[in-house]
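A short write-up of the structure that comes next.
Computed from the coordinates by the stated procedures, all read-outs in this text should not be read as laboratory data. Computed from a prediction, not measured in an experiment: that's the story for all the values here. Ideal geometry is used to build each Cβ from the backbone, glycine not excepted, and the neighbour counts take in all protein chains shown.
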Amino acid sequence: MKWTLILIFGCLAETTLCWTYHYSNKTMNWTQAREWCQKYFTDMVVIQNQAENDYLVSILPQKRSSPYFWIGITRNHMNESWIWIGNNSTWIGNNSWAPNEPNNVHATEFCVEIYTNTGENQGKWNDEKCSKSKYAACFKTQCNESSCERGRCQEAINSTTCLCEHGFKGDRCQTPVECLPLSEPYNGYHSCSRGNQTFNTTCRLKCHPGFFINGSSFVTCEDTGDWSGPRLTCAVTVTTD
């Protein structure tokens with residue numbers, strides 16, 4: 001059987017980094033629909049909030065009646081919570097379900113379709129038997145291993161954002177946090193491990209001959225942009241007869 005890949009973009013025209021939505025023009029059961037999404041894109045659609053739900057419905061084709069579109073929320077037993085595939089989220093909006101849903105007819109409706117008809121039920125969810133045939137609604141991620149140098153890539157409808165590790169900043173988490181330059185102490189100098197004064201750099205105080213370190217000899221640039229510990233000083237060596 002020949003499948004047609006239909007693409008609908010989930011980002012603004014001027015945005016270059018964002019996910020894209022896709023759907024099939026053939027129906028299939030929920031398992032087949034997910035496998036199809038994973039084969040050609042990233043996975044079945046996962047919805048993180050009401051804004052995404054509304055946006056998805058606005059760009060999916062309108063249908064007058066079933067079959068509608070499978071979405072990536074499911075469960076294995078009637079007493080379990082609904083779980084979004086891939087991220088284990090349990091998000092369900094206050095008005096996500098259509099009236100009297102989920103009704104779990106015959107105790108086997110463990111998959112979910114989203115209505116794309118017109119009227120008050122547009123964008124609402126309905127629990128269904130996973131063996132029923134619906135259209136596949138998929139997404140393709142734009143995040144990859146190189147999206148963020150020192151952080152985790154997170155996608156939204158119209159953008160990707162890098163959530164930086166502690167101690168890094170920048171749109172791709174490419175820049176280490178800097179600490180203010182250390183002032184040179186009287187009668188001594190600092191020797192820094194990386195030749196600079198950025199996150200995780202350790203600087204050692206060295207004193208000139210005839211002086212000794214008063215306190216610890218090391219400070220480290222922390223992720224807050226502050227140096228650890230008090231400032232170091234060199235004290236004069238006292239000699240006695």
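General remarks:
- With the biggest extent put first, the Cα atoms of the chain measure 101, 40, 32 Å across the principal axes.
- Label point distance in nm, T233-T20, each placed 7 Å from Cα along Cα→Cβ: 6.5
- With an a/c value of 1.5 or above and a/b larger than b/c for the gyration tensor axes a ≥ b ≥ c computed over the alpha-carbon atoms, the range 60-186 is described as prolate.
- Placing +1 on the Cβ of every Lys and Arg and -1 on the Cβ of every Asp and Glu, with no other charges, gives the range 142-186 a dipole of roughly 100 debye about its Cα centre.
- With 0.36 nm allotted per residue and the present C-alpha distance subtracted, the E120-N88 stretch has 8.6 nm of extension available.
- Here the chain is treated with +1 on each Lys and Arg Cβ and -1 on each Asp and Glu Cβ, and its dipole about the Cα centre works out to around 740 debye.
- Gyration tensor verdict on the range 92-142 (Cα atoms; rounded if a/c is under 1.5, prolate if a/b is larger than b/c, oblate otherwise): oblate
- GluC sites (Glu not before Pro) restricted to DSSP loop in the range 65-139 with at most 12 other C-beta within 10 Å: E80, E120
- For the range 5-140, projected area of the alpha-carbon convex hull averaged over all directions, nm²: 8.1
- Plainly put, the range 168-241 has a radius of gyration that is 1.12 times its Kirkwood radius, both from alpha-carbon atoms, as the Rg/Rh ratio.
- Sites count as exposed loop sites when they are trypsin sites (Lys or Arg not before Pro), lie in a DSSP loop, and have at most 10 other Cβ atoms within 10 angstrom; the longest stretch of the chain without one is 65-241.
- Net length gained if the chain between T175 and K63 were fully extended (0.36 nm per residue, minus Cα distance): 35.5 nm
- The value of relative contact order for the chain, using C-alpha pairs under 8 Å at least six residues apart, is 18 percent.
- Cross-link reach list, lysines versus K63, counting only Cα pairs under 24 Å and skipping chain neighbours closer than eight places: K2, K26, K124, K129, K132, K134, K140
- Dipole-positive endmost among C138, N121, C234 within the chain (Cβ charges, Cα centre): C138
- Remark: spin-label model distance T161-N187 equals 5.2 nm, labels positioned 7 Å along the Cα→Cβ axis.
- Qualifying chymotrypsin sites (Phe, Trp or Tyr not before Pro) for the range 180-241 [loop in DSSP, other Cβ within 10 Å: at most 10]: none
- FRET efficiency for S216 and M78, using Cβ-Cβ distance with R0 set to 51 Å, rounded to 0.05: 0.25
- Cα lying deepest toward the dipole's positive end in the range 177-236, options H190, P209, G225, charges on Cβ: P209
- Normalising the average separation of contacting C-alpha pairs (under 8 angstrom, six or more residues apart) by the number of residues puts the relative contact order of the range 125-241 at 17 percent.
- Mean separation of Cα contacts under 8 Å, 6 or more apart, over the residue count of the range 53-181: relative contact order %: 20
- Value at 222 nm in deg cm²/dmol, rounded to 500, when DSSP H runs of n ≥ 4 in the chain each add -39,500 (n - 2.57): -2500 deg cm²/dmol
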